[in-house]
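Colleague: Handing you a structure now.
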Amino acid sequence: MATDPVCGMEVEESTAKYVSEYKDELYYFCAPGCKHTFEKEPASFIGPNRRPFIPMDEVPTE
């Protein structure tokens, strides 16, 4: 299982519909809004200084 870097939900890598590559790493998302949010500012969602998870009801739908 992978953790969606935007909302923190667990995502099964083998069945994930939403995947993004950043700096040669794959990131898995529960929904298109999380993927889109990550792709706008990927560096802010990874690493030791990452921003806190966004509650799903606050993730943009696109």
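Since every read-out is calculated from the coordinates, none of them should be taken as a lab result. If you're wondering where the values come from, they're calculated on a predicted model, not measured in any experiment. Glycine also receives a Cβ, built like all others from the backbone with ideal geometry; neighbour counts cover every protein chain displayed.
Colleague: So what's the net charge close to Met9: Lys and Arg +1, Asp and Glu -1, counting the other residues with Cβ under 14 Å from its Cβ?
Modeller: Local charge sum for Met9: -4.
Colleague: Moving on. Read through the labelled values (1) 124; (2) 78; (3) 114 and report the label of the one computed as volume of the Cα convex hull per residue in Å³ from the structure.
Modeller: Of the labelled values, this structure produces (2).
Colleague: Summing +1 for each Lys or Arg and -1 for each Asp or Glu, what net charge is found among the other residues whose Cβ lies under 13 Å from the Cβ of Phe45?
Modeller: Here the charged neighbours net out to +1.
Colleague: Here is a further query. Count charges around Ser20 for me, please; just the other residues with Cβ under 9 Å from its Cβ, Lys/Arg as +1, Asp/Glu as -1.
Modeller: Residues near Ser20 contribute -1 overall.
Colleague: How would Phe29, Phe45 line up from fewest to most surrounding beta-carbon atoms within 10 angstrom? Spell out each step's value before the answer.
Modeller: Working: Phe29 25, Phe45 22.
Exposure proxy ranking, most exposed first: Phe45, Phe29.
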